[in-house]
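S.K.: Would you mind keeping the following structure in view while I ask a few things?
Readers should treat all values here as calculations from the given coordinates under stated rules, not as data from a laboratory. For clarity, every value in this text was computed on a predicted model and none was experimentally measured. Note: ideal-geometry Cβ built from the backbone for every residue, glycine included; neighbour counts use all protein chains shown.
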Amino acid sequence: MPRIGTQETRPVDSRRHFIGRAGLAALAAGLAPRPGAAQAADNLPPAVPAWTRSQGEAVNWRPYGLPADFEKGVVKIKRPSPLPTEGVSLTPLQHLHGTITPSGVVFERSHGGTPLIDPQQHRVMLHGLVKRPLLFTMDDLVRFPSQTRIHFLECSGNTSRDWRSPVSKTVQESHGLLSCCEWTGVALSTLLEEAGVQPGAAWVLAEGADASGTSRSIPLAKCLDDVLVVYAQNGEMLRPEQGYPVRLFVPGWEGNVSIKWLRRIKVGDAPFMTRQETARYTDLMPDGIAREFTWFMEAKSVITYPSGGHELRGPGFYEVSGLAWSGAGRIRRVDVSVDAGRTWRQAQLQEPVLTRALTRFRFPWRWDGAPTVLQSRAIDESGYVQPTRAQLVQLRGYNSRYHNNAIQSWGIAAGGKVSNVQV
Ligand SMILES: Nc1nc2c(c(=O)[nH]1)N[C@H]1C(S)=C(S)[C@@H](COP(=O)(O)O)O[C@H]1N2
Ligand SMILES: [Mo]
């Protein structure tokens, strides 16, 4: 039997170093042994594998690169909805490494489908309480001084389905309305300066060009601080689903205000009270009164490995890993509990820890094989501590759906099965 290096194995417990060839092929595929996997033995050392014995695909065989065919399970999934154009697709967080979400698997939240906009014909209008109303072409926007920043984007409906009971099976289902990209564009303050904001201006309306007419009001102070009008994502022009050719990006705030397919910016002296900030995206409190304009995404974290649907292969060493983020700034600390919240120890944070960006944490754990519950808790630079589910419910009751940032619990069963639980 071949001996495999520790880099191949998870866990790296010494008793698990000796496994069969079918097992090795299964490990390489990251799956349970498949039928026919035994023939793969021809490709195992000391044999020279088939792919080494002939030339590979031609250089530039695919002028736009794609993931390997073996990674075809790493995809977004659409949550069932009555209309094909209204709903969400979810980021496969359990399959991702590091902190940047590849553009192809960035979740989508769209209320009227993805409009296919010709950038030559697209205009961004800037009007209202300004000295000079302006109409920008895409060339105009790209010509302005640009900025590039890495930020997370989270829909405030993320994790909303699990408010009462843990219905989500995987971290993709529970936390997949979350992404982190490198965004490039022009500061909204630059455009506002160009137009000249008039005295009395206090709010800005942003409106999309899609059929949903999604529009939101944002305080002028935030717009002058760090809001971007972005045209690029992870080094290339925006994907159509993410707002091509141009969207607003509002760092740290609920995803809904980051208006995609941006067509209009209007400066005013009061909030515009659009549908998306009155009938939707408010938080109904236990006393029946709805909080409005709860923009901030408070500190939150989730363990992505191991998470719902994973199966641990016996007792031994595991690197627990996950993501933490806060709309208020940088993550200061992440604690992990491997005993259902009774004791907590500090996880390692991957540098660089950026403001309002996903932060990867890691925590070494030796599983003794007994059933337990894993949790993570984020603390941000403002000192805010991610609440337990009980604390969140105590404060917010069961009336509201948005802004569920409670601590997530993953139950580990005796046989190693990982599932979504609430403690
Ligand atoms: N024009 C427009 N902008 C929009 C939306 C939309 O439906 N139309 N959805 C909003 C919501 S609810 C979220 S969470 C984010 C999602 O951004 P993404 O689809 O790029 O992940 O876009 C926001 N901007
Ligand atoms: Mo959203």
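S.K.: What number of residues within segment 390-416 are touching a helix residue (DSSP H, G or I) at 6+ places or on another chain (Cβ under 9 Å) and closer than 22 Å to S337 by Cα? Walk me through how you get there before you give the answer.
M.R.: From segment 390-416, those touching a helix residue (DSSP H, G or I) at 6+ places or on another chain (Cβ under 9 Å) are 400-410; that's our starting set.
Subsequent filtering for residues that are closer than 22 Å to S337 by Cα retains 404-410.
The total comes to 7.
S.K.: For segment 143-161, check the following and say yes or no: at least one residue is within 30 Å of E298 (Cα to Cα) and part of a helix (DSSP H, G or I). Before the answer, list the steps.
M.R.: At the first step, the residues of segment 143-161 found to be within 30 Å of E298 (Cα to Cα) are 146-161.
Going one step further and asking which of them are part of a helix (DSSP H, G or I), we end up with 160-161.
Yes - at least one qualifying residue is present in segment 143-161.
S.K.: I'm checking my understanding of the structure. Among residues of segment 218-247 that are buried (at least 21 other Cβ atoms within 10 Å of the Cβ) and within 16 Å of ligand 2 (Cβ to nearest atom), which one is nearest to F136 (Cα to Cα)?
M.R.: In this case the residue turns out to be R247.
S.K.: Here's something else I'd like to know. Just to be sure before I move on: is R132 loosely packed, with under 13 Cβ neighbours inside 10 Å and touching a residue at least 40 places away in the same chain (Cβ under 8 Å) in the structure I sent? Outline the logic, then answer.
M.R.: Working: loosely packed, with under 13 Cβ neighbours inside 10 Å: yes; touching a residue at least 40 places away in the same chain (Cβ under 8 Å): yes.
Yes: the conditions hold for R132.
S.K.: Pull out all pairs, ordered by first then second residue, where Cβ-Cβ is under 7 Å, the residues are six or more apart or on different chains, the first lies in segment 350-371 and is of a type in the set (S, T, N, Q), and the second is assigned to a loop (DSSP other than H, G, I, E, B).
M.R.: Going by the 7 Å Cβ cut-off, the qualifying pairs are T355/G329; T355/R330; T359/T99; T359/Q350; T359/V353.
S.K.: Another one. How about segment 266-284: which of its residues are of a type outside the set (S, T, N, Q) and away from ligand 1 (no atom under 13 Å from the Cβ)?
M.R.: We begin by selecting, within segment 266-284, every residue of a type outside the set (S, T, N, Q); these are 266-273, 275, 277, 279-281, 283-284.
Within segment 266-284, K266, V267, G268, D269, A270, P271, F272, M273, A279, D283, L284 meet the criteria.
S.K.: While we're looking at this one, here's another question. Within the bounds of segment 262-279, is there any residue that is aromatic (F, W, Y) and buried (at least 23 other Cβ atoms within 10 Å of the Cβ)? Give the derivation first.
M.R.: Taking segment 262-279 and keeping what is aromatic (F, W, Y), we get 272.
If we keep only those that are buried (at least 23 other Cβ atoms within 10 Å of the Cβ) as well, we get none.
No, segment 262-279 has no match at all.
S.K.: State all residues of segment 280-307 that are more than 16 Å from ligand 2 (Cβ to nearest atom), in a loop (DSSP other than H, G, I, E, B) and surrounded by fewer than 23 Cβ atoms within 10 Å (Cβ to Cβ); if no residue qualifies, say none. If you could, list the steps in order and put the result at the bottom.
M.R.: Within segment 280-307, the subset more than 16 Å from ligand 2 (Cβ to nearest atom) is 284-291, 299, 301-307.
The next check asks that each one be in a loop (DSSP other than H, G, I, E, B); those that pass are 285-289, 299, 306-307.
Result: M285, P286, D287, G288, I289.
S.K.: Quick check on this structure: which one of T85, T137, T91, T114 is within 13 Å of ligand 1 (Cβ to nearest atom) and either loosely packed, with under 15 Cβ neighbours inside 10 Å or closer than 29 Å to A201 by Cβ (or both)?
M.R.: Details: T137 fails: within 13 Å of ligand 1 (Cβ to nearest atom); T91 fails: either loosely packed, with under 15 Cβ neighbours inside 10 Å or closer than 29 Å to A201 by Cβ (or both); T114 fails: either loosely packed, with under 15 Cβ neighbours inside 10 Å or closer than 29 Å to A201 by Cβ (or both).
Just a single option satisfies the conditions, and that option is T85.
S.K.: Checking R161 against (1) farther than 27 Å from I77 by Cα; (2) surrounded by 15 or more Cβ atoms within 10 Å (Cβ to Cβ); (3) of a type in the set (K, R), only one condition comes out false. Which one?
M.R.: (1)
S.K.: Report the residue count in segment 319-361 for those that are under 22 Å from Q422 (Cα atoms), outside any loop (DSSP other than H, G, I, E, B) and of a type in the set (V, I, T).
M.R.: Here the count works out to 3.
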